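Here's the structure we're looking at; comments come further down.
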Amino acid sequence: MSCSERPYWWDSAPELCVPATPLPSRVDVAIVGGGYTGLSAALALARRGARVAVLERHAIGWGASSRTGGQIITGLTLDADELIARYGLERARVLFAWSLRVIDALDELTVAEQIDCELTRCGHIAAAAAPAHVRLLAREHEQVARHFSYETTLLAPPESRAELGSDAFHGVLVDPGSARLHPAKYVRGLACAALRAGAGLHEQTAVTEARPDASGFQLDTNRGRVHADLVLIATNGYTDDMAPALQHRLVRVGSYLIATAPLPRDVADRILPTRRVAYDSKFLLHYFSLTPDRRLIFGGRATFSAASARAVAVSARRLRRDMGRIFPELAGVPVEHAWGGQVAIARDRMPHVGRLGGMYFAAGYAGHGVAIATALGAAVARMMSGESPDAAVGIMMDAPFRPYPMLGTQAWFLPAVGIWYKARDLVG
């Protein structure tokens with residue numbers, strides 16, 4: 001059976017039919033990027049009565065928002081120790097509590113807007129890929145309980161097999177608060193909600209330049225010119241030289257996934273008996289979960305190349321090999337889909353929100369963005385409407401957001417970073 005290079009999610013979600021409407025000459029807010037961030041902001045702004053145009057270079061949700069593994073993980077990219085060391089205990093508590101609230105808010109949004117996206121509060125498994133990593137998981141287990149009053153469960157083999165049917169790991173940390181969803185169903189449902197609220201969605205509309213003018217901003221696109229009082233850049237891992245100040249503060253990294261054919265029920269029950277989402281503790285980590293029809297979605301940073309057809313093909317081979325090492329009984333299972341997308345990582349590995357060159361932005365989710373991007377899109381909408389940010393968003397706004405040195409348009413150092421991380425994974 002041939003392997004499709006279309007994301008599995010695209011073929012298992014209803015098509016989104018965006019009305020073909022003329023590009024408006026003037027709006028209150030122009031949003032560049034039609035993913036979670038941009039659509040969430042558009043929904044919130046349109047509800048407040050703003051004239052909003054979402055300008056998407058491809059189809060709505062084409063980028064990472066419909067390519068992600070669908071995992072919604074508690075916390076932030078930094079572990080508890082790093083969060084406390086960087087921000088201090090009180091602000092770390094604010095940020096961690098916010099990371100939990102945004103998952104609740106996402107759940108509430110899907111109910112309120114009747115978005116059928118298979119959202120399930122399944123929890124997650126962090127699996128120790130080396131004996132030394134057990135101590136790291138134990139430390140995280142202790143720190144989140146002590147400082148954040150958040151309970152997780154640490155399991156050593158053989159008890160860990162009740163959660164994860166693999167001999168490749170040395171123990172697991174189980175977190176009950178995480179979730180999963182069908183990303184394409186979610187982003188298309190969010191788009192429908194924004195349309196119902198009155199936002200304008202404009203596909204195949206590439207913004208080539210945005211510059212200040214006497215009344216706000218002038219945006220040049222392949223379909224004409226738009227004037228806007230305010231602009232939100234919501235492109236994250238697909239940020240280009242249309243927004244150079246933001247582009248130079250983000251490294252764009254390819255993340256790749258494969259999806260198997262549906263597994264027999266007994267096999268699915270052995271490898272992920274509790275149906276939680278999972279990831280391992282490697283620097284170049286793997287993440288995996290089962291779909292409702294029992295396909296294994298298996299992803300990772302298999303190569304540090306930008307997402308391309310060649311990178312997808314190379315990554316698919318590596319991911320299939322790694323999947324077989326973790327789950328030997330899947331070594332011969334057909335892989336029906338392989339695809340990639342781009343995530344954006346700031347120097348401090350934290351999300352950022354604010355203004356650059358007068359334009360608003362939210363970015364830097366580091367592959368952790370389903371709930372966070374949705375929340376920050378709504379947060380930017382509130383700021384554009386004159387409201388003050390909440391405490392957690394205020395902390396992100398105040399944090400230094402430094403450019404990468406000598407970044408240019410390509411992260412020239414990524415191959416070396418990949419070799420370094422692979423070496424660290426080999427030594428555990």
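What the table shows:
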read-out: The stretch 66-101, residues that are closer than 12 Å to residue 371 by Cβ and either in contact with a Ser or Thr (Cβ under 7 Å, 6 or more places away or on another chain) or surrounded by 22 or more Cβ atoms within 10 Å (Cβ to Cβ) (or both); value: 68, 70, 71, 72, 73, 74, 75, 76, 99, 100
read-out: Strands (runs of 3 or more DSSP E) wholly inside the stretch 294-369 that include at least 3 residues being within 21 Å of residue 169 (Cβ to Cβ) and either touching a residue at least 12 places away in the same chain (Cβ under 8 Å) or not β-branched (Val, Ile, Thr) (or both); value: 296-300
read-out: Residue 105 being in contact with a helix residue (DSSP H, G or I) (Cβ under 8 Å, 6 or more places away or on another chain), assigned to a helix (DSSP H, G or I), of a type in the set (A, V, I, L, M, F, W, C) and surrounded by 23 or more Cβ atoms within 10 Å (Cβ to Cβ); value: no
read-out: Residue check, residue 114 polar (S, T, N, Q), closer than 28 Å to residue 257 by Cβ and crowded, with 22+ Cβ neighbours inside 10 Å; value: no
read-out: Neighbours by Cβ (under 8 Å, 6+ apart or cross-chain): first from the stretch 41-65, closer than 14 Å to residue 203 by Cα; second assigned to a helix (DSSP H, G or I) and basic (Lys, Arg); value: 60/188; 61/188
read-out: Answer from 270, 276 - the residue that is under 19 Å from the mean Cα position of the chain (by Cα), among the basic types (Lys, Arg) and within 19 Å of residue 158 (Cα to Cα); value: 276
read-out: Odd one out for residue 135 among (1) within 15 Å of residue 79 (Cα to Cα); (2) crowded, with 16+ Cβ neighbours inside 10 Å; value: (2)
read-out: Residues (surrounded by 24 or more Cβ atoms within 10 Å (Cβ to Cβ) and part of a loop (DSSP other than H, G, I, E, B)) located in the stretch 243-269; value: 243, 250
read-out: Scope the stretch 332-357; condition of a type in the set (Gly, Ala, Ser) and touching a helix residue (DSSP H, G or I) at 6+ places or on another chain (Cβ under 8 Å); matching residues; value: 338, 340, 341, 344, 354, 357
read-out: Within the stretch 139-186, tally of residues that are in contact (Cβ under 8 Å) with a residue 24 or more places away in the chain, touching a Leu at 6+ places or on another chain (Cβ under 7 Å) and not in a loop (DSSP other than H, G, I, E, B); value: 7
read-out: Of all residues making up the stretch 312-349, the number that are buried (at least 21 other Cβ atoms within 10 Å of the Cβ) and more than 24 Å from residue 298 (Cα to Cα); value: 1
read-out: Test: residue 240 is out of contact with any Phe, Trp or Tyr (no Cβ under 9 Å at 6 or more places or on another chain), surrounded by 15 or more Cβ atoms within 10 Å (Cβ to Cβ) and under 23 Å from residue 370 (Cα atoms); value: yes
read-out: Whichever residue in the stretch 187-237 is assigned to a strand (DSSP E or B) and at positive phi and, among such residues, is surrounded by the fewest Cβ atoms within 10 Å (Cβ to Cβ); value: 224
read-out: Selection from the stretch 373-392 of residues that are among the β-branched types (Val, Ile, Thr) and closer than 18 Å to residue 189 by Cβ; value: 374
read-out: Only one of 11, 79, 28 that is among the acidic types (Asp, Glu) and closer than 22 Å to residue 261 by Cα; value: 11
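For (1) assigned to a helix (DSSP H, G or I); (2) within 25 Å of residue 312 (Cβ to Cβ), each residue gets a yes or a no:
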| residue | (1), (2) |
| --- | --- |
| 2 | no, yes |
| 16 | no, yes |
| 59 | no, yes |
| 65 | yes, yes |
| 85 | yes, no |
| 92 | yes, no |
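Yes/no matrix, rows are residues, columns are (1) over 27 Å from residue 177 (Cβ atoms); (2) among the polar types (S, T, N, Q); (3) touching a Ser or Thr at 6+ places or on another chain (Cβ under 6 Å):
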| site | (1), (2), (3) |
| --- | --- |
| 270 | no, no, no |
| 284 | no, no, no |
| 288 | no, no, no |
| 313 | yes, no, no |
| 325 | yes, no, no |
| 329 | yes, no, no |
| 333 | yes, no, yes |
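None of the figures in this text is laboratory data; all of them are computed from the coordinates on show. Please read all numbers here as calculations on a predicted model, not as lab measurements. Every residue, glycine as well, gets a Cβ built from its backbone with ideal geometry; the counts of neighbours run over all protein chains shown.
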